[in-house]
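Shown next, in structure tokens, is the structure this report addresses.
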Amino acid sequence: MTRPRLRTITAGLVGLSVLAVAGCTPLTGNRTVSVLATWTGTEADDFEKVLDAFSEKTGIRYEYTGTRALDETLQSNLRRGTPPHVAILSSTGDLARYARSGDLVPLGRVLSSARQDEYKRSWLLPLKGEIYTVPIKVNLKSIIWYNPSRLPGPTPRSWEELLTRSRTIADRRQTPWCMGMRDTYSSGWPGTDWIEDILLHQAGPETYRQWAAGTLKWTSPEVENAWKTWGEIVATPGFVHEGPMAALLTDFGDAGRAMFADPPGCFLEHQASFITGVYRAEGGAGGAPEAGRKLPEPEKDFDFFPFPSFDRNGGDPAGQPVVASADLAGMFNDTPEARELIEFLASEEAQRNWPGRRGGGAFSVNRKVPPDAHHPDDRIGRRIAEALGSADAVCLDASDLMAPALRDAFNGAVLEYLHDPKRLRPLLAELDKVRTQSNPTEQEQKELHDLSCTG
């Protein structure tokens, strides 16, 4: 059977992306819907399997464009008057911005009430009482990965226990932490994930909300302390694989490769749940596994434990608030075909069949999709889904809520801090200047405050 779609993949060249999406117009006599997302390569293949199921069910063709320059492409097409029917946004802040500008179509009358009831209301991210999105893919960030065959024994439950374990490894003249900050399009974000996790667990969800919304200064004691706490790892000699300077040059997808080497180059990695797809493939992002080397196996060669508690009494990290990221479907061109696609993407059928969830670390927050909906042998996936469901609060990635200029400055500050931790205070003062220049209104700050955590 011929696949009912047309596909354009771009790697970030905005001009080409704009032409690709602008060309996504329905063919005469055909029902067609255009979709824009950041996914390329295998991620695009996985998403298109979901779109294929939609086409087979409805007879509606789709035209998919994948580009890492999504925001630039979308804005250009909005100016041209040729927006895609549906775009998958990875930034909650961008979602709020497009809702305010009137470019996003409200979904209150698009999604059936029964479909809306399949989600906790806060996961539909309401703005001014209206919903504009469906979360179609969620990743848990508050986890630390390790190789149980190389790091036996009980896993750390508190930050102090984590530091003690790190020192024990370093005392053996081995390196505890895998780390990579490089990304072709936004280097530094793995470090922002660290700061977000530490701040949430140290200071709690309300402080996190204020910071994400831009009402808490970067120079505040809470934020400064979060950076200094991260410094207990990155600024300690011998704690980071090949040193902080190497982390600046190491691709985030390659950082964990050393965990599977023989002998291991590092033992621990703080990374989101999507990294399981990289671990399963080869223990790293680039190249094929060496001849004769078996691929890493879940729970045997890689496993995770929750981000540790800062409770001085050694409280259990399970059930504590967690940081997550979400990919959010929004409708920019209101047609019957687009409405059908939104309803389908929100459905239990689509959410269960998302191929990337099978070993790829993506999860559904549709209440009809239970943790055991994962592949039968994917115990790690089930445990991550359970962690998302049992958390006191799920807080969305704070940098995704920030204005683009502040988000970029945050990424850059992480790189500068790794280069010279002594520059922390000037870096935080500079981030406060960027925060002030972004000049969000009180209403915008309130919206971001309310969007930042679902619990």
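The table below lists the values:
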item	result
Test for TRP123: is it in contact with a helix residue (DSSP H, G or I) (Cβ under 6 Å, 6 or more places away or on another chain), touching a residue at least 24 places away in the same chain (Cβ under 8 Å) and closer than 21 Å to VAL138 by Cα	no
Within the range 390-452, helices (runs of 4 or more DSSP H) holding 2 or more residues that are among the acidic types (Asp, Glu)	404-419, 424-438, 442-452
Extreme residue, farthest from the chain's Cα centre (by Cα), among residues of the range 214-245 that are aliphatic (A, V, I, L, M) and under 18 Å from ASP197 (Cβ atoms)	ALA235
Given (1) modelled with pLDDT of 95 or more; (2) in contact with a Pro (Cβ under 9 Å, 6 or more places away or on another chain); (3) closer than 22 Å to TRP177 by Cβ, index of the condition LEU328 fails	(3)
Residue within the range 236-256 that is touching a strand residue (DSSP E or B) at 6+ places or on another chain (Cβ under 8 Å) and of a type in the set (S, T, N, Q) present	yes
Filter result for the condition that a residue is surrounded by fewer than 22 Cβ atoms within 10 Å (Cβ to Cβ), within 18 Å of LEU401 (Cα to Cα) and not acidic (Asp, Glu), over PRO106, PRO126	PRO126
Some residue of the range 197-209 being assigned to a loop (DSSP other than H, G, I, E, B) and open to solvent by 20 Å² or more (accessible area, probe 1.4 Å)	no
Cross-chain or 6+ apart pairs with Cβ under 7 Å, the range 395-412 first and polar (S, T, N, Q), then not in a helix (DSSP H, G or I)	ASN411/SER186; ASN411/SER187; ASN411/GLY188
In the range 309-321, the residues that are crowded, with 18+ Cβ neighbours inside 10 Å and either polar (S, T, N, Q) or at pLDDT 95 or above (or both)	SER309, GLN320
Odd one out for ALA338 among (1) of a type outside the set (S, T, N, Q); (2) modelled with pLDDT of 95 or more; (3) more than 24 Å from the chain's Cα centre (by Cα); (4) open to solvent by 20 Å² or more (accessible area, probe 1.4 Å)	(4)
Residue among VAL105, VAL50 that alone is closer than 26 Å to THR184 by Cβ, hydrophobic (A, V, I, L, M, F, W, C) and touching a residue at least 40 places away in the same chain (Cβ under 8 Å)	VAL50
Hits in the range 127-146 (condition: at negative phi and touching a Gly at 6+ places or on another chain (Cβ under 9 Å))	GLU130, ILE131, TYR132, THR133, VAL134, LYS137, ASN139, LEU140, TRP145
Failed item in (1) at pLDDT 90 or above; (2) assigned to a loop (DSSP other than H, G, I, E, B); (3) of a type in the set (Lys, Arg), with LYS49 passing the rest	(2)
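The values are calculated or read from the model by the stated rules, or taken from the named source; none is laboratory data. For clarity, every value in this text was computed on a predicted model and none was experimentally measured. Note that we place each Cβ from the backbone using ideal geometry, even for glycine, and neighbour counts take in every protein chain shown. Quick note on the areas: whole protein, heavy atoms, side chains included, nothing else; ligands and nucleic acids left out. Shrake-Rupley method; radii C 1.70, N 1.55, O 1.52, S 1.80 Å.
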